[in-house]
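Bear in mind these aren't lab numbers, they're just calculated from the coordinates by the rules spelled out. All of these numbers come straight from a predicted model, not from anything done at the bench. Cβ: placed from backbone, ideal geometry, glycine included. Neighbour counts: every protein chain shown.
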Amino acid sequence: MRIDILTLFPEMFTGAFDASIIARAREAGVLEIALHNPRDYTDDKHHVVDDYAYGGGPGMVMKPEPIFACVEAVQSMAEPRGKVVLLTPQGRLLNHEIVEELAAGPRLILICGRYEGVDERVREHLVDDEISIGDYVLSGGEPAAIVLADAIARYQPGVLGSELSLEEESHAQGLLEYPQYTRPASYRDMAIPEILLSGHHAEIAKWRRRQSILRTARRRPDLLARAQLTDDERRLVEQELAAD
Ligand code: 9D3
C-alpha cells in the first residue's frame, strides 16, 4: 500500500515514520509513505499557502491552489488515484472499522490541515472523506495523520508477528484487554493473580475473558453493545454494572 501525505510540516513525520511499526512495514516493502509539501506547489515568489478569510474573522485559511496542484501531481505519480482524505476536527471519528476500510488500499492521499482550516472548495471538489481522531484540539492534522498511518500499517500483511494477532486484538472483538503480568511473580509485595501460575490453560483463558468483560463493563460500557457475549456473560455484565 502507498500513502501520500500532504503537509506544510514534513519534519513532524521524521521519527514517527522511521521507528517502530511503520518503519517495519516500510522495510518489509508492504507500505510506502511519501511526504509532499503544498508550499512546493505554489507559483508566487513568497510561496504563500494561506490567506485571510472572505467575510472576515480571525485566523488564516489554507489557499486552494497549492492543495489542488499538490494532490493532482501526486495522483499522476501512480495508479490508481487513491481516496483523498482530509484530517479535520469536522471529520468522522476514527475507529477500527474506518481503519480497516482505509487499510484495504492500495493507495491513500492524506491532507493535513493547518491554520483555522482549508478553503471549502477543497472539501467539496477534491476530498472524498474527512476524518477526526477525537474531540480535542490539535494544532494541525499532522499528529492525526501519524495516528492513522500507524493504525493502517498494522493491517498490512506480514507487519505483525502473526496474522492471528489482529484477530486476537481486543478491539477487533469489541472488548478491552485483560490484565497482563511478567516476571517477577512478586514485586515489592505485589503478587500476580495465582491463577496465572497454575498452568491450567483453560482456566487462565476463562479468567482472562472474565477480566476483559468486567473491565469493559466498568470503563467502556459503550463497547459492550457490539461485543459478542454469551447469555452468561451478559448476566455477568448486568451484575457488575448493578454493583454500584
Ligand atoms: C481552535 C480553532 N477551532 C475553532 C475555530 C478550529 C480548529 C481548526 C483547526 C481546530 C483545530 C484545528 C487543527 N486540527 C486539525 O486539523 C485536526 C484535528 C483536531 O484538532 N482534533 C482531532 N482530530 C483532528 S484531525 C485534524
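What the table shows:
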read-out: Percent RCO, i.e. relative contact order, over the chain, from Cα pairs under 8 Å lying at least 6 residues apart; value: 19 percent
read-out: Axial C-alpha extent at least 15 Å, average Kyte-Doolittle at least 0.0 - helices from the chain (DSSP); value: 64-77, 142-153
read-out: R210-D43 pseudo-label distance in nm [points 7 Å out on the Cα-to-Cβ vector]; value: 7.1 nm
read-out: Inter-label distance, nm, simple model (7 Å from Cα along the C-beta direction), A69/D18; value: 2.9 nm
read-out: Three-way shape label, the range 60-156, alpha-carbon gyration tensor, a/c 1.5; value: oblate
read-out: Sites H96 and R234, calculated FRET efficiency, Cβ-Cβ separation with R0 22 Å, nearest 0.05; value: 0.50
read-out: Inter-probe distance in nm under a simple model that places probes 7 Å from Cα toward Cβ, at H125 and A34; value: 2.4 nm
read-out: Relative contact order of the range 7-63, pairs being alpha-carbon contacts under 8 Å that are 6 or more residues apart, as %; value: 25 percent
